[in-house]
1. For A263, indicate whether it is part of a strand (DSSP E or B), assigned by TED's automatic domain parsing to the domain that holds L302, in contact with a helix residue (DSSP H, G or I) (Cβ under 7 Å, 6 or more places away or on another chain) and surrounded by 15 or more Cβ atoms within 10 Å (Cβ to Cβ).
2. Could you tell me which numbered condition E541 fails, if it satisfies all but one of (1) at pLDDT below 90; (2) among the acidic types (D, E); (3) more than 26 Å from G611 (Cα to Cα)?
3. Looking at region 647-670, can you tell me whether even one residue there is outside the structural domain of S351 (by TED's automatic domain parsing), closer than 28 Å to R588 by Cβ, hydrophobic (A, V, I, L, M, F, W, C) and assigned to a helix (DSSP H, G or I)?
4. Which one of the conditions (1) among the charged types (D, E, K, R); (2) buried (at least 22 other Cβ atoms within 10 Å of the Cβ); (3) in a helix (DSSP H, G or I) does K512 fail to meet, given that it meets all the rest?
5. (1) assigned to a loop (DSSP other than H, G, I, E, B); (2) in contact with a Leu (Cβ under 7 Å, 6 or more places away or on another chain): which one isn't true of C499, the others all being true?
6. Suppose the filter is buried (at least 17 other Cβ atoms within 10 Å of the Cβ) and either at pLDDT 95 or above or farther than 25 Å from V601 by Cβ (or both); does L272 pass it?
7. Under 23 Å from M529 (Cα atoms), outside any loop (DSSP other than H, G, I, E, B) and within 13 Å of ligand 2 (Cβ to nearest atom), is that true of L480?
8. Could you pull out the residue among A384, A365, A360 that is of a type in the set (G, A, S), surrounded by fewer than 19 Cβ atoms within 10 Å (Cβ to Cβ), farther than 30 Å from F567 by Cβ and away from ligand 2 (no atom under 16 Å from the Cβ)?
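The values are calculated or read from the model by the stated rules, or taken from the named source; none is laboratory data. Bear in mind that the values here come from a model prediction, so they are computed numbers and not experimental data. Neighbour counts run over all protein chains shown; Cβ positions are idealised from the backbone, glycine included.
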Amino acid sequence: MPKTVGVAVSHAAFHFDKLYTYAVMPDQQDAVRLGSMVLVPFGRGSRPRMGVVLACDAEPESSKLKYLFDVAPASACLTPELLELVRFLKGRTFCTWYEAVKAVIPYGAQYKPALAADGVTPVLQKQLTRHTETLYRLAAPLPQKPKPTAKQLAAVALLSGGPRTQGDLEAHGISRAVAENLCAKGVLASEQVNKSLDLYAHIPQRTEQLDLTAEQQAAFDALAPHLETGQAHTALLYGVTGSGKTLVFLKLIERCLALGKKALVLVPEISLTPQMIRRLKERFGRRVAVQHSALNHTERLLQWQMIQDGGADIVVGTRSAIFSPLEGIGLMVIDEEQEHTYRSESAPRYSAHEVARWRAAKNGALLLLASATPSTESFYEAQAGRCQLVRLTQRYGGQPLPSVQIVDMRAELAAGNPREISLALEDAIRENLDAGKQTILLLNRRGYQTMAQCEDCREVLKCPKCSVPMVYHKNEGGRLLCHYCGTQIQPRPTVCPACGGKLQYRGFGTQKAEEELAALFPEAHILRMDQDTTSAKDAHEKMLAQFARHEYDIMVGTQMVAKGLDFEDVTLVGVLGIDSLLFAQGFRAYETVFSLVTQVVGRSGRASSPGRAIIQTTDPDNPVLNLAAAQDYDAFFAQEIEYRRLGLYPPFCGLCIVTFSGKKEGEVAKAAARFAQILAREAAQQPGIPLRVLGPTPGSILMINEIYRYKLTVKCRNDKTFRALLRQVLACYEEEKLPAKASAAVDMHSDGDI
Ligand code: ADP
Ligand code: ZN
């Protein structure tokens, strides 16, 4: 029963982000504990702010302590492991305490400041209230006087079979008024319970035995013992596309549950791994909880409560699912571990890998990273023996990897084909159509034409708020759209706003691809999958189901068609456009292209018929493309690791990117330069710290949504000493009031391209 508490307060500036001491009223002392969510008076005006209790019986810093306004119920308290996670995030990333708190619990479980019914007293309010419902049960016999109504009799009859929710009663024609009236008489009693919700209940359960191939079994045998030791262990499952990595996960999960432990499966993005949830649900049914970004707040909260109440043995979800309050974890899987979605780009800027490693250590669990194209960092760790390497080298069913052809699009144009679909690809698609097989085409750009350029002054039409070209979308009457801030221009202009010259529309997006395909193959059914066609709820899953039923012959789309899909009749994959990625900045650019091409090629020929793939490019000799075409990860890795070593990039150093953003470019540039000076000054006092500072330089996209961006690149060793140094620099930066000119964000996981 603490009399004083140390509270981390929301909206704190970084160098004021410490624990503030508050006094606890005697009637609140029972409710307050470590991890409690509280409402506190803050600052001179004693404005209400959210906070979380991180210390009890804290030393008062003055004799006149303020009292807490309000305390949330114990059920909203952070569990000890979540509290430790908050401390971990605060120590590793450059976030504030409260940002860390908001990361580890879902929005729906959070509180906000509000006013009590009197209109003046500050109180806490739940972000979501509709996730509970009323449960009625019989408490006493129904008096025969006055004579009960038919509805009352019906209610009592129904409840004599056990408690029912209000929704149930209403479904039987018994209104809330009737039930409440019976409560008032003492016949019924009611309580608020969490709604339960069986997401994906429509997925049928499958019980047939899983028979692993010899190679899969060997992988399982190498990994399974680490579920039993109680010692933390990291392994990398490196298996070619279609080798059955998922089968190995399923078997490991089965073993893990049999040992009385729980399992956490991370997927990079729901649209990239739509089939994972289905496979887990088929196997493990209701004990699977789902935590992903496409759920609405209520669904997410209900699933989270189910985990917290111990109702889930398996959690599957995207990045933040790594914070699920699952206890007794035996296995954590990070599928497609190289994906950038595992790194958070807003505070706290963590990577799911570092959190997973920490939780594996806490729980003595097996951490399994998996991919056909592991990140260079992970594979390096495995080669260095710091992580176990397990390989799957063969496709299930013994099919060879697809044969791949590279088509030179400059030669194509020179030979008189003006279209974006090469003759070779056209022929291949036609053959596939005739054979009744399916085709997947990747084009990494949505919209119709990707830019408009003036024929006279050569100016490219840019978004008024962002330094990127506007993209022409042909649907809905035609409009220009900014893919960064959503600005629209309608109808689309035909003349240059700068000089009045004629605008020429160029570039090739998924809408135009769809149109070109329809013209070439009028008999084919074509499915376009991109952000524009899949924005409706469940649209994505429905489209995949239709494709699986063969309602379409050709699927053309962005990244979402490239990964994780498993359709047996797909025997041809075409890469229509990928060149823009070849010239992307950021030290992971080659890795990204290699992975994307290898993955999409891997969608072809996964079952009984062999597959092939065609890659169209204007850079046919590009070494990364050629290695991806050969699907030769080992050769790619050998090349990539040399590039990283020579250029000094991770895994050979830590890369710390500080981004500065603000409304006036001059001030942003100055603030960034000042930050660099402070860093140099502070580092000079600690000469032992290895550092290499580059910049500041303008971001590769200078302005987004009227905010200018600069960056500072710091090559470093990501350890405690370095992080302390950077914290010191950030504090000085704030003391000089520079955040008013440009806010500074530190990211230890960025690929350096902002
Ligand atoms: P990966 O994730 O490695 O690309 P998947 O796990 O998706 O591969 O497996 C590819 C396909 O092969 C899937 O359709 C899967 O059901 C099938 N498969 C793999 N291993 C087996 C097995 N042992 N028994 C039956 N089917 C399998
Ligand atoms: Zn814009």
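1. Details: part of a strand (DSSP E or B): yes; assigned by TED's automatic domain parsing to the domain that holds L302: yes; in contact with a helix residue (DSSP H, G or I) (Cβ under 7 Å, 6 or more places away or on another chain): yes; surrounded by 15 or more Cβ atoms within 10 Å (Cβ to Cβ): yes.
Criteria met by A263.
2. (3)
3. The answer is yes, given that some residue of region 647-670 is outside the structural domain of S351 (by TED's automatic domain parsing), closer than 28 Å to R588 by Cβ, hydrophobic (A, V, I, L, M, F, W, C) and assigned to a helix (DSSP H, G or I).
4. (2)
5. (2)
6. Values: buried (at least 17 other Cβ atoms within 10 Å of the Cβ): yes; either at pLDDT 95 or above or farther than 25 Å from V601 by Cβ (or both): no.
No: the conditions fail for L272.
7. Values: under 23 Å from M529 (Cα atoms): yes; outside any loop (DSSP other than H, G, I, E, B): yes; within 13 Å of ligand 2 (Cβ to nearest atom): yes.
Taking the combined requirement at face value, the residue satisfies it.
8. Working: A365 fails: surrounded by fewer than 19 Cβ atoms within 10 Å (Cβ to Cβ); A360 fails: surrounded by fewer than 19 Cβ atoms within 10 Å (Cβ to Cβ).
The match here is A384.
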